[in-house]
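Asks: The structure that follows is given in the form of structure tokens.
Laboratory data are not the source of any read-out in this text; all were calculated from the coordinates shown. This one's a predicted model, so the numbers in the text were calculated from it and none came from an experiment. Here the Cβ is made from the backbone with ideal geometry for all residues, glycine too, and neighbour counts use every protein chain on show.
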Amino acid sequence: MNMLGLRPYKKEDAQTILSWTKDERAFYKWSAGVMGDYPITQKEFAFVDSLMAFTAFEDDKTVGFFTLRNPGEKTEELRIGFVILNPEMRGHGKGKEMIKLALKYAFEVYGAKKVSLGVFENNESAYRCYKAAGFEDVVLDETEIYHVLNEDWKCKEMTIEK
């Protein structure tokens, strides 16, 4: 079994990453519409250049993507976002492996003490992946709600501490 690796995202990765989203609903589950409306262009995807963006690879094949950013003033917390996996790799533990690599980077290289993320309640497979990687649910006073495709999507907050 081949192991995943991480490397900094390159602009040349955009076409491959964007090709993984075949429908609007799937697009909004990982992007929340932050970069624009479906389908986004490579120019709109360039938004990730302002974040710590990573590409996961196996051998010479691009298999996943995510970003890290500081969610606030404190440098000891990082937030994972824009997580997307090549659909051909789903269901084989590659998403969990990629998230574990993201956590290793956040804790060991960056020195974070806590990592957070948000996942839509209607994205059960991603939720299970994050739970399997060690994330725990955070109970908030108010749930963040996004209006997507004429529906209200509730966002679950999750964290993991070193």
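Asks: Just to be sure I understand: with springs between alpha-carbon atoms less than 10 Å apart, which residue in GLY81, GLY36, GLY118 has the highest mean-square fluctuation in the Gaussian network model of the chain?
Replies: Answer for the Gaussian network model of the chain: GLY36.
Asks: Using just the helices of the chain, give the 222 nm mean residue ellipticity in deg cm²/dmol: DSSP H runs with n ≥ 4 each add -39,500 (n - 2.57), and the total is spread over all residues, rounded to 500.
Replies: -6000 deg cm²/dmol
Asks: Let me ask something additional. Using only the Cα atoms of region 56-101, what semi-axes does the equivalent ellipsoid have when each is the square root of 5 times a gyration tensor eigenvalue? Give whole Å, largest first.
Replies: Each semi-axis is the square root of five times an eigenvalue, giving 25, 10, 9 Å.
Asks: Hey, can you grab everything whose amide H is under 5 Å from the amide H of PHE120? Only 5+ residues off in sequence or another chain; H modelled, so Pro and N-termini drop out.
Replies: Hits under the 5 Å cutoff: LYS156.
Asks: What residues from region 131-162 fall in the zone where the backbone N is under 12 Å from a label point 7 Å along the Cα-to-C-beta line of ASN122?
Replies: Those under the cut-off are 146-155.
Asks: Among the listed pairs LYS22/LYS113; LYS61/LYS162; LYS43/LYS104; LYS94/LYS162; LYS96/LYS162, which are separated by more than 27 Å between their Cα atoms?
Replies: LYS22/LYS113; LYS61/LYS162; LYS43/LYS104
Asks: Would you look at the GNM of the chain, springs on alpha carbons closer than 10 Å, and say which of LEU85, LEU140, LEU51 moves the most?
Replies: Among LEU85, LEU140, LEU51, the largest mean-square fluctuation in the Gaussian network model of the chain belongs to LEU140.
Asks: Along region 58-67, what does the Karplus equation 6.51 cos²θ - 1.76 cosθ + 1.60 (θ = phi - 60°) give for ³J(HN,Hα), rounded to whole Hz, x for Gly and Pro?
Replies: So the J values, rounded to whole Hz, are 9, 6, 10, 9, 6, 10, x, 7, 7, 10.
Asks: May I pose another question? Using a Gaussian network model of the chain whose springs link C-alpha atoms within less than 10 Å, name the residue from LYS94, LYS74, LYS11 with the highest mean-square fluctuation.
Replies: Residue with maximal mean-square fluctuation among LYS94, LYS74, LYS11: LYS74.
Asks: Averaging over every viewing direction, what projected area does the convex hull of the Cα atoms of the chain cover, in nm²?
Replies: Projected area, direction-averaged: 9.4 nm².
Asks: Let me ask something else. Give me a comma-separated list of calculated 3J(HN,Hα) values for region 91-106, in order, Karplus coefficients 6.51, -1.76, 1.60 applied at θ = phi - 60°, integers in Hz, x for any Gly or Pro.
Replies: Once θ is set to phi - 60°, the couplings for region 91-106 become x, 10, x, 6, x, 4, 4, 5, 5, 4, 5, 4, 5, 4, 4, 4 Hz.
Asks: Using θ = phi - 60° and the Karplus form 6.51 cos²θ - 1.76 cosθ + 1.60, what ³J(HN,Hα) does each residue of region 26-33 get, whole Hz, x for Gly and Pro?
Replies: Each residue of region 26-33 in turn: 4, 4, 5, 5, 9, 9, 6, x Hz.
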